[in-house]
Amino acid sequence: QSRVYRAGVYGRRPVVPVEPAALEAAARRRMSEVAWAYVAGSAGRQRTAQANLDAFDRHRIVPRMLVDVEERDTSVALFGRRLPAPLLFAPIGVLELAHPDADHAVARAARALGLPMVISSQASVPMEDVARTLGDAPRWFQLYWSKDDDVVDSFVDRAEAIGSEAIVVTLDTHVLGWRTRDLDLAYLPFARGEGIAQYTSDPAFRRLVEARAAAPRPADEPSPRPTPAAVRALHSMARHYPGRLRDNLRSPLPRAAVETFLDVFSRSSLTWDDLARLRGRTSLPIVLKGIQRLDDAARALDHGVDGIVVSNHGGRQVDGAIASLDALPAVVEVVDGRIPVLFDSGIRSGADVVTALALGARAVLVGRPWVYGVALAGADGARAVMQHLWAELDLTMALSGVRSVDEIGPDLLAPGPR
Ligand code: FNR
């Protein structure tokens, strides 16, 4: 925090705006219409996205005075590792929309800060390449549970091989939400070959594609003049099929890849019983992302999962769903300290982090804010956004009479206006 202030003293402006609304506005000016709609947009009438933000207003911090807070510690223990701050880079897919460096930009920021990056199933860069950029920084892998068992197994094997410290299973997106802004722009990223690098680099997935290309269905026939989207998909595929596709834009492979992706991307039939299969394949901590109900939290405990992320996917799935912060206390109560409860959806400031922690979250995942940072300034932008959150967290702790993250509890909060 003192570094951020000191830079100001010497007249140096921050890399990206500190003020959340200004950050968002600057990113909007920078991003294409499609990119902005995809990143900032949510489901339906955007009510849950708004509710996620409004919910923070119903809690107010009540600062404590005359506590020696000269020495403060923002670190937190999670799955056997001590993180320097209770902040993670949320899994975000299709980052190539925001910046050409995409996932590499995030990895560089995570490395500089020592904060975990949760690598998305929908990433624009294969996880092995991201892992190289991450260096020693902690990484988790976020799994969309494919319809194809071999793809699931292969993703988990690869995640282990790159040193992931947890598998985050995202439960709330087995079908894509009703993304009104994307629909109006006819933007379905995956159908354009964006955000499928994790798949096109996967041996199990490639076997499916090759089988499909060998026996194309009528709908898969390549068009005589490929659309720009097909060309993009081709380039993405060509990276993983050296020499085989060359410049043959009429190859059925890219089309087959996109069609295969759409076929196997997710499994709407997934139930609690399926988790046993994952448990049997990996000894990594399994974290369920998207839990919003206390009965689901209780079931998660029954099924031996290692962590929960209370999340509504940033309001991108069920419009009208409960604000994520409003769902947090009941989950925390049921879990009763047995496994860590993490939180996301709506964190925009360091004070928000304090509020979520006071309601029982062990740590928070941050989504859109750092994506805006990436859009504005690549790795430096993502890093600056997280630094600002971290600095404000530290400062809010100091001004509230809190020396360490463990001391942030419900007694720090009072009800805000209803
Ligand atoms: C996401 N999110 C997400 N979640 C996930 O599990 N896998 C993914 O690939 C993505 N992709 C993704 C793309 C974009 C553009 C956004 C905005 C979000 C959800 C994300 O991890 C997180 O839950 C929310 O972003 C948290 O809400 P805030 O911080 O954006 O309000």
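Read the figures in this text as sums done on the coordinates, not as results from a lab. These numbers come from a predicted model, not from an experiment. Cβ sites come from the backbone with ideal geometry, for glycine too, and all protein chains shown count toward neighbours.
Side notes on the structure shown:
- Loop-located trypsin sites (Lys or Arg not before Pro) in the range 273-310 whose Cβ has at most 16 other Cβ within 10 Å (DSSP): Arg293
- Calculated over the chain: convex hull of Cα atoms, volume per residue (Å³): 146
- Theoretical gain in end-to-end length, Ala21 to Glu210 [0.36 nm per residue, Cα-Cα removed]: 63.4 nm
- Degrees between helix 203-214 axis and first principal axis of the chain (Cα, 0 to 90, nearest 10): 30
- Qualifying trypsin sites (Lys or Arg not before Pro) for the range 1-91 [loop in DSSP, other Cβ within 10 Å: at most 10]: Arg12
- Extents of the range 247-345, largest first, come to 58, 35, 23 Å (Cα atoms, principal axes, whole angstrom).
- With contributions of -39500 (n - 2.57) from each DSSP H run of at least four residues, the per-residue ellipticity at 222 nm computed over the chain stands at -13000 deg cm²/dmol.
- Applying the criteria of a DSSP loop state and at most 13 other Cβ atoms within 10 Å to the trypsin sites (Lys or Arg not before Pro) of the range 313-370 yields Arg338.
- Gain in span if fully extended, Arg277 to His303, counting 0.36 nm per residue against the direct Cα distance: 8.2 nm
- Our estimate of slack between Ser75 and Arg3, defined as 0.36 nm per intervening residue step minus the Cα-Cα distance, is 24.1 nm.
- Exposure rule at most 10 other beta-carbon atoms within 10 Å, DSSP loop GluC sites (Glu not before Pro): the chain longest free segment: 72-418
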